[in-house]
Amino acid sequence: MSQTLHRHHRRTTPYGRRRALFAVVLLLLAATAVAAPRHLFSNDGLVSDSAGSVFEDKDRAYLSTDGWPLQGQGAYVLGDGRPAVSPHQRPVPIASVAKVMTAYVVLKRHPLHEGDSGPSFVVDQRDVVDTEVRRRDGQSVVSVGAGEQLTERDALMAILLPSANNVSLLVARQVSGSVAAFVAEMNRTARALGMRHTTYTDPSGYDDGTVSTALDQLRLARVVARNPTLAEMMATRSYGLPVAGEVTNTNTLLGHDGFVGMKTGSDNAAGGCFMFRSGRVIGVVLGQRGPNLISAGLSAAKQLVDRLENA
């Protein structure tokens, strides 16, 4: 009992009250520091945007104290400024965002100019069989027929709009002689662009071994944004193919709120991914989660753009 009385006495002395008041002041100062917007520079000179914010849409709220969606990772750049990156950048699966590099490598080999269709890729029976196997596996494909000829423009539209895994493999094999040789060229190109944390293991992104970071993919996004052919293709809503007919872009943000591209990606390993461009903003979000993975990636990008516009 004396011990209890002793503790009570200590709590009611003027000294104890001063300590309690001092603790409250410290807590208030700490809360103010956390709430204050701030921009920090990481060791590589990139801007780390750590302003507190709340992302909201009609389905859910994304509360983040560092300015980014709670899940996954992201990166963006405003005009010619320094890239801003979310914390914890690490190589993760990127799903069909990998097809941006596939298209870029094809166009490096066979540049297209306005009105050009480029060389043709011939579909053979093994491509038809491969397509059906991938379709049964739940992959993203477009219908092809034996003997069909896809121009380079046709093929790239099939790869970039409906995200056709089967056409990615078909084109890779015919451009480089084998899929392995094409993938090696993808990786050489990545190194040349400074994408040090990127590894491509397939031209479609379906393989979980194809990994990258949001910052690395932003490096690629800035390059392809300056390529008028690729930029125009990725801003196309629909396109007609010889056998598959009209195909539509998986990027449903096109034409809304300033979005003009670029490429979606989604699977269980990668989550929802999106390389995007809206106004002066070019960005990438990876690893978004939700009932619909493509929508999760699109939503995260829109919230980030909205936040930047309202800053």
Need the failing condition index for LEU241 against (1) farther than 25 Å from GLU114 by Cα; (2) in contact with a helix residue (DSSP H, G or I) (Cβ under 8 Å, 6 or more places away or on another chain), just the number. (1)
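Residues are listed down the side, and each one gets a yes or a no for (1) in contact with a Pro (Cβ under 9 Å, 6 or more places away or on another chain); (2) more than 26 Å from ILE294 (Cβ to Cβ):
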{"residue": "SER140", "(1), (2)": "yes, no"}
{"residue": "SER143", "(1), (2)": "no, no"}
{"residue": "THR151", "(1), (2)": "yes, yes"}
{"residue": "LEU160", "(1), (2)": "no, no"}
{"residue": "VAL183", "(1), (2)": "yes, no"}
{"residue": "MET195", "(1), (2)": "no, no"}
Listed residues GLY279, GLY283; which is closer than 19 Å to LEU220 by Cα and surrounded by 21 or more Cβ atoms within 10 Å (Cβ to Cβ)? GLY283
How do the pairs read when you match residues in the stretch 285-305 that are touching a residue at least 60 places away in the same chain (Cβ under 8 Å) and over 12 Å from GLY265 (Cβ atoms) with residues anywhere that are β-branched (Val, Ile, Thr) and buried (at least 24 other Cβ atoms within 10 Å of the Cβ), using Cβ under 6 Å and keeping only pairs 6 or more apart or on different chains? ALA300/VAL285
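For every residue, the table says whether it meets (1) over 12 Å from the mean Cα position of the chain (by Cα); (2) over 19 Å from HIS88 (Cβ atoms).
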{"position": "LEU215", "(1), (2)": "no, no"}
{"position": "MET234", "(1), (2)": "yes, yes"}
{"position": "THR264", "(1), (2)": "no, yes"}
{"position": "ALA269", "(1), (2)": "yes, no"}
{"position": "SER278", "(1), (2)": "yes, yes"}
{"position": "ARG289", "(1), (2)": "yes, no"}
Report the residue count in the stretch 196-228 for those that are buried (at least 23 other Cβ atoms within 10 Å of the Cβ), over 22 Å from ARG280 (Cα atoms) and of a type outside the set (Ser, Thr, Tyr). 2
State yes or no: is THR264 closer than 30 Å to VAL122 by Cα and part of a strand (DSSP E or B)? yes
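Yes/no per residue for (1) assigned by TED's automatic domain parsing to the domain that holds LEU215; (2) among the polar types (S, T, N, Q); (3) out of contact with any Cys (no Cβ under 9 Å at 6 or more places or on another chain); (4) at pLDDT below 95:
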{"residue": "VAL100", "(1), (2), (3), (4)": "yes, no, yes, no"}
{"residue": "ALA103", "(1), (2), (3), (4)": "yes, no, yes, no"}
{"residue": "GLN125", "(1), (2), (3), (4)": "no, yes, yes, no"}
{"residue": "ARG135", "(1), (2), (3), (4)": "no, no, yes, no"}
{"residue": "VAL141", "(1), (2), (3), (4)": "no, no, yes, no"}
{"residue": "GLY145", "(1), (2), (3), (4)": "no, no, yes, no"}
{"residue": "THR151", "(1), (2), (3), (4)": "no, yes, yes, no"}
Which residue out of ALA180, ALA184, ALA172 is touching a Ser or Thr at 6+ places or on another chain (Cβ under 9 Å), surrounded by fewer than 23 Cβ atoms within 10 Å (Cβ to Cβ), among the aliphatic types (A, V, I, L, M) and modelled with pLDDT of 95 or more? ALA184
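The values are calculated or read from the model by the stated rules, or taken from the named source; none is laboratory data. Source: prediction; values computed, not measured. Counting neighbours? That spans all protein chains shown, and the Cβs are built from the backbone with ideal geometry, glycine included.
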